[in-house]
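Some notes on the structure that comes next.
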2 protein chains.
Amino acid sequence: MSEPDTKAKILKTAEELFAIDGFHHTSLRKITTKAGVNLAAVNYHFGSKESLLGAIFDRHLGPLNEIRIKRMEAVAALAEKSGERPGVEEVLRCFTEPTLALLHSDASTGYFRMLVGRSLSDPDPTVRQLFLQRVRDVLELLVDLLCQALPHRSRESVAWKLQFSLGAMSQTLTFQNHGPILGSLAKDKSIDDVIEMLTEFIVKGMEG
Amino acid sequence: MSEPDTKAKILKTAEELFAIDGFHHTSLRKITTKAGVNLAAVNYHFGSKESLLGAIFDRHLGPLNEIRIKRMEAVAALAEKSGERPGVEEVLRCFTEPTLALLHSDASTGYFRMLVGRSLSDPDPTVRQLFLQRVRDVLELLVDLLCQALPHRSRESVAWKLQFSLGAMSQTLTFQNHGPILGSLAKDKSIDDVIEMLTEFIVKGMEG
DNA sequence: GCGTATTTCAAACACTCGTTTAAATTATTT
DNA sequence: AAATAATTTAAACGAGTGTTTGAAATACGC
């Protein structure tokens, strides 16, 4: 190979540009120019622009979901053994806290955080599907656990509240990307603080 | 004029297509073909594609925001007079309930509902700005009132929670558009029921 | 060092897009 | 009815898109 891996450079650059400008507003020419590789390299290494996005998702979402599922299974096992219901907060943190861990493990994942936020509510069904098919299993498991934690609520009701929560997450994850909707406000908080506030918000909403 | 108002036909058709397919995935050719008017009519009557979107926003957002502001001012006046703080739920409903009223006033506004949901989290800053500049004043007033209702919370904290709420609303408003994230679940609810659940969700999150 | 396979490269392809133009048509005014 | 203004129309413009191609360059096995 000539340079330190053309494929890796494309992945890194595309992740950043997709996060900042969005999938459809980022052309392959912008990516390849910024990465310093040839235009045709994307189609050669990834097949298509869509597959490139899929590869970016896979890179981070695989490990992340593994951690989430392990934590949720642990919570479920503990609940089974003790005979008590799992707590709503305990369950939800299985989902939100690994995100924080990911963000701290590698500075470059900040872009991935934004990309996920975008993908949750992208107008294009292709982008949403590409993302959702990689988290569907985790979400189903999450609903299962939440139903255990909230036995008096219907599954539909729990699913809808999770939908609300994902919307709130989307707004959070794109932080410093979209920028807060309310201009001057709410700027001087770290992503950690914001995610903590978010977690409290959705826990109360779920329980309420 | 030849037909029952070319301009009106464009507005109606564009509103529907922007809501369903998103602003950038809807070409002027799709709009004009479906509306049965000439391609150049959009630029003639509205100047540009962006201005067309702005005109769609103006049409519904003007009346809607007027109602919201009046309700909020009434709540503020009552609080002043009685010397008591307004309730969080009371304040938030000033914002959410007029949406319901709009949806019931005219069946065709269902598309506008989706369009607003999209615009709240569109990857393109142009679309977001176009929308946000028309609701900024209402949102600022809403933060003011929420701060009155929650005097022990910082303004930043309130603004962030409103940001979370708007994310949750976005997911709700695109309902039957994006489709629920969780496939088979959460489908057989009317938009009224869902908005009621949403309101309860964000009230608890705000208070918590 | 040679031959094979992999990777890079510039160029072109086939579209789609929003916008503009200038002529033809329709409405309105005088 | 003639003249002016407003609207509609078909066609083209220029720029941008993802993808494909076939030749050049590089890397690797023997």
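The values are calculated or read from the model by the stated rules, or taken from the named source; none is laboratory data. Just so we're clear, the structure is a prediction, and the values are computed from it rather than from any experiment. Cβ coordinates were reconstructed from backbone atoms using ideal geometry, including for glycine residues, and neighbour counts include every protein chain displayed. Quick note on the areas: whole protein, heavy atoms, side chains included, nothing else; ligands and nucleic acids left out. Shrake-Rupley method; radii C 1.70, N 1.55, O 1.52, S 1.80 Å.
Quick notes
- Check: chain B dipole with +1 on Lys, Arg Cβ and -1 on Asp, Glu Cβ, in debye: 480 debye
- Sequence-distant contacts, meaning Cα pairs under 8 Å at least 6 residues apart, place the relative contact order of chain B at 23 percent.
- Solvent-accessible area per residue for the protein assembly as shown (1.4 angstrom probe, square angstrom): 44 Å²
- Gap separating the Cα centres of the stretch A:50-121 and the stretch B:92-122, nearest whole Å: 32 Å
- A helix-only calculation puts chain B at -24000 deg cm²/dmol for mean residue ellipticity at 222 nm, using -39500 (n - 2.57) for each DSSP H run of at least four residues, averaged over all residues.
- In the B-A interface, the accessible area buried, summed over both sides, Å² (probe 1.4 Å): 4800 Å²
- Which listed pairs, of A:Lys70/A:Lys204; B:Lys7/B:Lys34; A:Lys12/A:Lys34; B:Lys81/B:Lys204, have C-alpha distances above 21 Å, in listed order: A:Lys70/A:Lys204; B:Lys81/B:Lys204
- Listed residue (A:Leu103, A:Ala35, A:His60) projecting farthest to the positive dipole end of chain A, Cβ model: A:Ala35
- Per residue of peptide B:33-45, the mean number of Cβ atoms on other chains within 10 Å of the residue Cβ is 0.
- Kirkwood hydrodynamic radius over Cα pairs of the stretch A:49-207, then Stokes diffusion coefficient at 25 °C and 0.890 mPa s, in µm²/s: 149 µm²/s
- Residues of the stretch A:194-208 that bury at least 50 Å² of accessible area when the other protein chains are present, relative to the chain alone (probe 1.4 Å, heavy atoms, ligands and nucleic acids excluded): A:Met197, A:Phe201, A:Lys204.
- Spacing of the two label points (7 Å from each Cα toward its C-beta) at B:Gln129 and A:Asp192, in nm: 3.5 nm
- Each residue was assigned an accessible area with a 1.4 Å probe, and for A:Arg155 the value is about 90 Å².
- Here the accessible area is traced with a 1.4 Å probe on the protein chains. For the stretch B:1-143, carbon and sulfur cover 54 percent of it.
- Ranking A:Leu139, B:Met206, A:Phe201 by how far each Cα lies toward the positive end of the dipole of the protein assembly as shown (charges on Cβ) leaves A:Leu139 at the top.
- Extension gain for the segment B:Asp5 to B:Glu140, taken as residue separation times 0.36 nm less the Cα-Cα distance, is 44.9 nm to one decimal.
- Dimensionless Rg over Rh [the stretch B:1-63; C-alpha; Kirkwood]: 0.94
- Nearest-0.05 FRET efficiency for B:Arg153 and A:Glu73, computed from C-beta distance (R0 41 Å): 0.70
- Solvent-accessible surface (1.4 Å probe) assigned to B:Leu100 amounts to roughly 30 Å².
- Accessible surface ranking for A:Cys94, B:Cys147, 1.4 angstrom probe, highest first: B:Cys147, A:Cys94.
- Charged-residue dipole, Cβ positions (Lys, Arg, Asp, Glu), the protein assembly as shown about Cα centre, Debye nearest 20: 940 debye
- Shielding by other protein chains, B:147-160, mean Cβ within 10 Å: 3
- The residues A:Glu16, A:Glu97, B:Glu73, sorted by heavy-atom accessible surface at 1.4 Å with ligands and nucleic acids left out, run B:Glu73, A:Glu97, A:Glu16 from largest to smallest.
- Å³ per residue enclosed by the Cα convex hull of the protein assembly as shown: 162 Å³
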